[in-house]
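Inspection log for the structure reproduced underneath, given as structure tokens.
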Amino acid sequence: MADSEGHRAVSRALHALEIAVASGEGMTLGQLAEQVGAAKSSLHPLLKALVYRGYLTYEDTRYRTGPSIGALSAADSPSIVSVARPFMDDLLRQFNETVMLGSMVGDTLVYLHSVESDQPVRYVPPRVRPPTDRPSSIGKLYLAQLEDDDLERYVADHIQPDQAAALRAEVEEARITGVAFNHGDTLPDLSAVAARIVVGHDIMACLAVGGPSRRIDSRSPEIAAATLEAAASIGKLLLH
């Protein structure tokens, strides 16, 4: 019983942290409690602990990202960003579309680095993209890492029944190829191609090229091949 309560508390604390970080402008106790699905009285001590450890700050009744988040990510992110940056610049020169290096933190997509196209109409990624009911190309690659039972739980909890079969097919294809696509799934007229950066058996991050669908979709096979090659090269360099 104690173990179950402890696991529930940890899960709630992490969920609240993900939501607060993704919000950008911060969240009140009431807002966090509503989204986490917990009573304010039970969530409040967990938030106090996160503030004490520096993962959140509390000011003007709102919880926001604390300095420990940056300190924690700095242990790994600079190395992968520095390794990935030349390959991202190459992809930008090749396609002149925005190139992103992203990682999933829970259900939240965090962009570690991006280089933007100079075209007037282009995709400008946010630093953090909160969870949506349609996974991005990067999100699909992380779903491809799940065991079948975990994938089915995700589908049952997040995906509309009429979209479930299509998502399963996309995830299965991503498992085979290491590439996933976004054809207007998350935003209208936004398409993206993503490839996973793997070290050993673990995804370290994903590399994606995104922009207006009318430009990306017609070149998606070419973009996929180049992005997959770049991601594989980054993974090899990170291994050494």
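Here are the criteria: (1) in contact with a Ser or Thr (Cβ under 9 Å, 6 or more places away or on another chain); (2) surrounded by 19 or more Cβ atoms within 10 Å (Cβ to Cβ); (3) modelled with pLDDT of 85 or more. Tell me which single one GLN31 does not satisfy.
(2)
Tell me, please, whether a residue that is modelled with pLDDT of 90 or more, over 30 Å from ALA194 (Cα atoms) and either in the same structural domain as PHE181 (by TED's automatic domain parsing) or surrounded by 19 or more Cβ atoms within 10 Å (Cβ to Cβ) (or both) can be found in the stretch 55-69.
First pass over the stretch 55-69, keeping only residues modelled with pLDDT of 90 or more: 61-63.
Filter again for over 30 Å from ALA194 (Cα atoms), leaving 61-63.
Right, trim to either in the same structural domain as PHE181 (by TED's automatic domain parsing) or surrounded by 19 or more Cβ atoms within 10 Å (Cβ to Cβ) (or both) and you get 63.
For the stretch 55-69, residues modelled with pLDDT of 90 or more, over 30 Å from ALA194 (Cα atoms) and either in the same structural domain as PHE181 (by TED's automatic domain parsing) or surrounded by 19 or more Cβ atoms within 10 Å (Cβ to Cβ) (or both): present.
Identify, from the list LEU151, LEU146, LEU167, LEU109, the residue that is buried (at least 20 other Cβ atoms within 10 Å of the Cβ), over 20 Å from ARG85 (Cα atoms) and in the same structural domain as PRO86 (by TED's automatic domain parsing).
Values: LEU151 fails: buried (at least 20 other Cβ atoms within 10 Å of the Cβ); LEU146 fails: buried (at least 20 other Cβ atoms within 10 Å of the Cβ); LEU109 fails: over 20 Å from ARG85 (Cα atoms).
Only one candidate passes the filter, namely LEU167.
Among the numbered criteria (1) outside any helix (DSSP H, G or I); (2) more than 30 Å from GLN119 (Cβ to Cβ); (3) modelled with pLDDT under 85, which single criterion is violated by GLU25?
Of (1) outside any helix (DSSP H, G or I); (2) more than 30 Å from GLN119 (Cβ to Cβ); (3) modelled with pLDDT under 85, only one is false for GLU25: (2).
Out of everything in the stretch 116-146 that is at pLDDT 85 or above and either acidic (Asp, Glu) or more than 17 Å from the chain's Cα centre (by Cα) (or both), what residue ends up being nearest to GLN94 (Cα to Cα)?
SER117
Got a number for residues in the stretch 180-200 being within 19 Å of LEU238 (Cβ to Cβ) and surrounded by 21 or more Cβ atoms within 10 Å (Cβ to Cβ)? Reasoning before the result, please.
The first filter runs over the stretch 180-200 and keeps only residues within 19 Å of LEU238 (Cβ to Cβ), leaving 194-200.
After this cut, where a residue has to be surrounded by 21 or more Cβ atoms within 10 Å (Cβ to Cβ) as well, the list is 194-198.
Going through the stretch 180-200 one residue at a time, the tally reaches 5.
Yes/no per residue for (1) touching a helix residue (DSSP H, G or I) at 6+ places or on another chain (Cβ under 9 Å); (2) touching a residue at least 12 places away in the same chain (Cβ under 8 Å):
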position	(1), (2)
PRO188	yes, no
HIS201	no, no
LEU207	yes, yes
GLY210	yes, yes
ARG215	yes, yes
SER218	no, no
ALA224	yes, yes
LYS236	no, no
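The values are calculated or read from the model by the stated rules, or taken from the named source; none is laboratory data. The shown structure was predicted, so the numbers you read here are calculated from the model rather than taken from an experiment. Cβ: placed from backbone, ideal geometry, glycine included. Neighbour counts: every protein chain shown.
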